[in-house]
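Reading through the structure tokens given below for one structure.
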Amino acid sequence: MPKHPAKNPNRASNKKRGRSAADGSRTPARCPGTEGRPPREAFLPVSRADMDARGWDRCDFVYVCGDAYVDHPSFGMAVISRVLEAHGYRVGLICQPDWTDPASIAALGEPRLGFLVSAGNMDSMVNHYTVNKKPRHEDAYTPGGRAGARPNRAVTVYGNLIRRTFKDKPIIIGGIEASLRRLAHYDYWQDKLKRSVLLDSGADILLYGMGEHSIVEVADALAGGLPVDQITFVNGSVYRTSGPGALDQVFDYDLLPSWDDLSADRLAYARSFNVQQQNMDPITGRRLVEPYPNGVCVVQNPPAAPLTTAEMDEVAELPYARHWHPDYDDAGGIPAFDEIRFSISSNRGCFGECSFCALTFHQGRMLQVRSRESIIREAEALTRDPEFKGYINDVGGPTANFFKPACTKQLEHGVCKNRRCLWPSVCRNMDTNEDAYADLLHDLRQLPGVKKAFVRSGIRFDYTMADASDKFLVELLQHHVSGQLRLAPEHVSDAVLSVMGKPRREVYDAFVERFERLSAEYGLKQYVVPYLISSHPGSTMKEAVELAEAVRDMGYMPEQVQDFYPTPSTMSTCMFYTGVDPRTMEPVYIPRDPHEKAMQRALIQYRKPENYKLVREALQKAGREDLIGYGPKCLIRPVPPKPGAGGGKTRGKTGDNKSGKAGKMPTGGGKLTAKGKPFSAPKFGGASNKAANAHARNRAAQGRQGANRH
């Protein structure tokens, strides 16, 4: 594989975006400066003409994807296709085909080896619907942000369309949608358990996780003439077997509850999910078998080996065009590309293991990192882009300050099956020294042409608190925060935090004090922006009121609130469906009733006049009428606000687990200094006004990682 990234000194401007007309339609905006763009031949073929230009009679693989084509290492389709290309395979791309027309699947002809299928960078159902199951009006992975360019459950729809059109051609599915549905799973949108997507899509093989190792192994097997039904040995893959003696050739497996058992007993699903999450490690993970009726079994092989640092560098530095395909210029380009164009991915995997996060089940707990030298080379390439203004938007990954494996034990023995690295407290075996990441950030900001390198993908504050040195935190607050540091405490109740797998409230408060103290020492007035979730499993009305009181003590009201979104294959989603914690089988309170969820949501936005009735009902239900009155600690008054009354102080936008652009910090609401800057707001605990302003003035939608942060 090549060792250096492609250099594209002249790429098109993306400043002029489509604007919404009065009727709500989107007017395409043509991108200026296209004469300096990477040429069309820098991209992989998307048409017969492209194939002819390369002298190809046919492709080895045709990749069908629900996203538009962005040739950048933050897009899974680009990574897998470039990895295959580096191993000598011809790959063509069919992006966002018309799923009602079989001819759209045949646009590049029949591939020599097979079809690859992915829904794209996001789960198609999360992409389409809010947590309230209402349709979204934009799709950031479609030209111009247009909605409706992909079907619901895209992997299943595309797979069946290909199977009807090319009956015997191998179909390999992957990406986050397939990865999180590889075995039986709870479907929030239909409110029921669904079978493995491998069965419903008609595919031959499902690749879960990130896929670089497994896709090459499958490709080599197919190229060597091995029938697809005999490719049963690839780690990181799932396959189907059936008939008498179906499991005779399956060794060293754990038998999961059958589909019939899962359908009859929700607790059986909880037990099954616990076994699955214990076998996500490439060193200790065992083969899993899930039986279905009529002698069918779905077999999940152990996870693929993580990439080494050298392999991470090679994948990141393949010859990507690092732009959207020129066919999208007239529509205004791909909005999602704006979030990552000048960002750098430094790692993958996460040992934080938050219960509500899908990345644990997809990327795993074992951290994989790029080398400092590779990251510096990418940053230097960014500075040569004419559109680069000196600001690197992010340097990170699922968790930015994870820049090495949790401990040396993991490298030889794998991750612990029944213990978490950071919960209920930081493991004593963990190496929490963050100097390497601090040094990387320092080196990046010293590069000619770089004015600032931000850290936007979020840090684990408990990990930083366990670092005996202040080196990383000082580097961060001095040079990589633009007035606001985004953190994710998610809640303030220790009961809910325990279910979430997040650190205790006292750890967050201690971090805030440390951040403020160091900021003050360097003459900086900076704020911590907290992400909060309502209606998470474990949150009764009591805990919801506790969160509302914390918002009161912050001195502002979030403009939007993030409700818990039960997406496939997260620990929290399993709790939502089964009512128990699958690790302990102990009952967990689940706020399922839409009215109760509305009350929990309204409590966080208690200042909104339209929420008055819901807030009053919630406080009465919780036995907290003491918060109804005229005292300084009261949330609402005894009488409803007059029609047209303002909603009080508001700050920030959050959304509901869909990625978005960072919001702007308003100047209104709350006491202001003579220069219009807000005074400090109280801490969550409300006990100290001295260190108050560390709790955010707004919450902005998390950009690069928000799409997968469920």
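The values are calculated or read from the model by the stated rules, or taken from the named source; none is laboratory data. This structure is a prediction, so every number in the text was calculated from the model and none was measured. With ideal geometry, Cβ positions are generated from the backbone for all residues, glycine too; neighbour counts draw on all protein chains shown. To get the accessible areas, we keep the full protein, side chains included, count just its heavy atoms, and leave off ligands, DNA and RNA. Shrake-Rupley method; radii C 1.70, N 1.55, O 1.52, S 1.80 Å.
Helix 505-521 and the longest principal axis of the C-alpha atoms of the chain enclose an angle of approximately 80°. Going down the table (LYS542/LYS597; LYS452/LYS502; LYS389/LYS452; LYS597/LYS621; LYS133/LYS597), which pairs top 20 Å between alpha carbons? Result: LYS452/LYS502 exceed 20 Å. Extending 7 Å from Cα along the Cβ direction at LYS134 and again at ARG517 yields two label points whose distance is 4.5 nm.
Using the 1.4 Å probe convention, the accessible area of segment 49-107 works out to 33 Å² per residue with neighbouring protein chains retained.
Charged neighbours of TRP259, selected by a Cβ distance under 9 Å, balance to -2 (K, R count +1; D, E count -1). Size estimate for the chain follows the Kirkwood approach: the inverse of mean 1/r over distinct Cα pairs works out to 26.4 Å.
Excluding ligands, DNA and RNA, the accessible surface per residue across segment 224-368 is 35 Å² with a 1.4 Å probe.
Comparing MET500, ALA316, ILE283 along the charge dipole axis of the chain, the residue lying farthest to the positive side is MET500, per the Cβ-charge model.
Cα centroid separation, segment 433-454 to segment 113-127: 35 Å.
Each residue was assigned an accessible area with a 1.4 Å probe, and for TRP189 the value is about 40 Å². Relative to the longest principal axis of the Cα atoms of the chain, the long axis of helix 541-554 lies at roughly 70 degrees.
From most to least packed by mean Cβ count within 10 Å, the peptides 389-401, 257-269 give 389-401, 257-269.
The charge dipole of segment 405-560, taken about its Cα centre with unit charges on the Cβ atoms of Lys, Arg (+1), Asp and Glu (-1) only, comes to about 340 debye. Once the other residues with Cβ under 14 Å from the Cβ of ALA622 are scored (Lys, Arg +1; Asp, Glu -1), what is the net sum? Once positives and negatives cancel, what remains is -3. Here the accessible area is traced with a 1.4 Å probe on the protein chains. For segment 286-331, carbon and sulfur cover 54 percent of it. Counting only protein heavy atoms and a 1.4 Å probe, segment 476-576 has 24 square angstrom of accessible area per residue. Cα centroids of segment 314-328 and segment 365-395: how far apart, whole angstrom? That distance is 14 Å.
When +1 charges are put on Lys and Arg Cβ atoms and -1 charges on Asp and Glu Cβ atoms, the dipole computed for the chain relative to its Cα centre reaches about 2820 debye. Between segment 206-230 and segment 600-636, how far is it from one alpha carbon centroid to the other, in angstrom? So the two Cα centres are separated by 57 Å. Between the Cα long axis of helix 594-604 and the first principal axis of the chain there is an angle of about 50°, rounded to the nearest 10.
The charge dipole of segment 397-452, taken about its Cα centre with unit charges on the Cβ of Lys, Arg, Asp and Glu (plus for the first two, minus for the last two), comes to roughly 280 debye. Oblate is the label for segment 484-637, because a/c, from the alpha-carbon gyration tensor with a ≥ b ≥ c as root eigenvalues, is 1.5 or above and a/b does not exceed b/c. A simple count of charges around ILE105, restricted to other residues whose Cβ falls under 15 Å of its Cβ and scoring Lys, Arg +1 and Asp, Glu -1, yields +3. Take every Cα pair under 8 Å whose residues are at least 6 apart in sequence, average their separation, divide by the length of the chain, and the relative contact order is 12 percent.
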